[in-house]
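Structure first, then comments.
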Amino acid sequence: MIRPLTVVLILAGLLAACGQRADVTGGPAPPQAPYRFGLIRMGHWGMGPIREATYFELPAVQPLFPRARVEAVTLQISHDETRDGITVVQDGTELLEIDDGLGNYPGTDDPMIGEVRAVGGPVKGPSGETLGMSWKAARFDLSQCEIGVDRDRNTVICARQGEGAVTFQFAVPGWDSEEMPPEHLMRKAAFLKAIIWSPPPLPGQPTQPASDDQ
């Protein structure tokens, strides 16, 4: 089974091979302040007020979103795998879905944060991407994309050179296949379903194994 992190690494290799011009990465990290309303900025540095040092714990996430309902959930990763998660819901809209980082910070009992998915609300990607925008408007091409697996089945995951921490998940209505949709269908129907930020591995920390059964 291929983990989402594996998809990110594959995409990074593809983009390096393409030699395309790097896009912006969201600029320098803004001051870390609680999110109350308005635009959720994100970039290589994090998602809104979430950073790589944010613990995967309700008491750590709740103060970052004081007006939201922050809840522990169980995420269905594949038909036979679940994972702990945290959701952030504000004004009736689910804004973020946060994955367990599957480990503790070295020398501590504090759980690391995993992927953070912006799934609703006024999020803005590093190059100005917004949820719901078309694949065509986002200016991707198929060389920057891979087909999603497991929980991301029937979607397409794309990344830009220079944005290794950020990937973009596009829904493709009517497409049900393990093969990449043709470009004409992507241009016609695909839209941005989620923007995903992945925290960098800590120094000396191994990357997640692709699978226990490979």
Suppose the chain between ASN104 and LYS188 were pulled fully straight at 0.36 nm per residue; how much longer would it get relative to their current alpha carbon spacing?
25.9 nm
So what's the gap between the Cα centers of the range 83-103 and the range 130-197, to the nearest angstrom?
21
Mind sorting PHE191, PHE56 by how few other Cβ atoms lie within 10 Å of their own Cβ, fewest first?
PHE191, PHE56
Two-site label geometry, GLU57 and GLN76: point separation in nm, points 7 Å out along Cα→Cβ:
3.1
Burial ordering of TYR105, TYR55, fewest other beta-carbon atoms within 10 Å first:
TYR105, TYR55
Kindly put LEU192, LEU64, LEU102 in sequence by how many other C-beta atoms sit within 10 Å of each C-beta, fewest to most.
LEU102, LEU64, LEU192
Evaluate the charge dipole of the range 23-133 about its Cα centre and quote only its size in Debye, nearest 20, assuming +1 on the Cβ of each Lys and Arg and -1 on the Cβ of each Asp and Glu.
620
Within 9 Å, Cβ to Cβ, of TRP45, how many net charges do the neighbouring residues add up to if Lys/Arg are +1 and Asp/Glu are -1?
0
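Since every read-out is calculated from the coordinates, none of them should be taken as a lab result. Being a predicted model, the structure only gives us computed values, none of them experimental. Don't worry about glycine lacking a Cβ; one is built from the backbone with ideal geometry, like all the others, and counts go over all protein chains shown.
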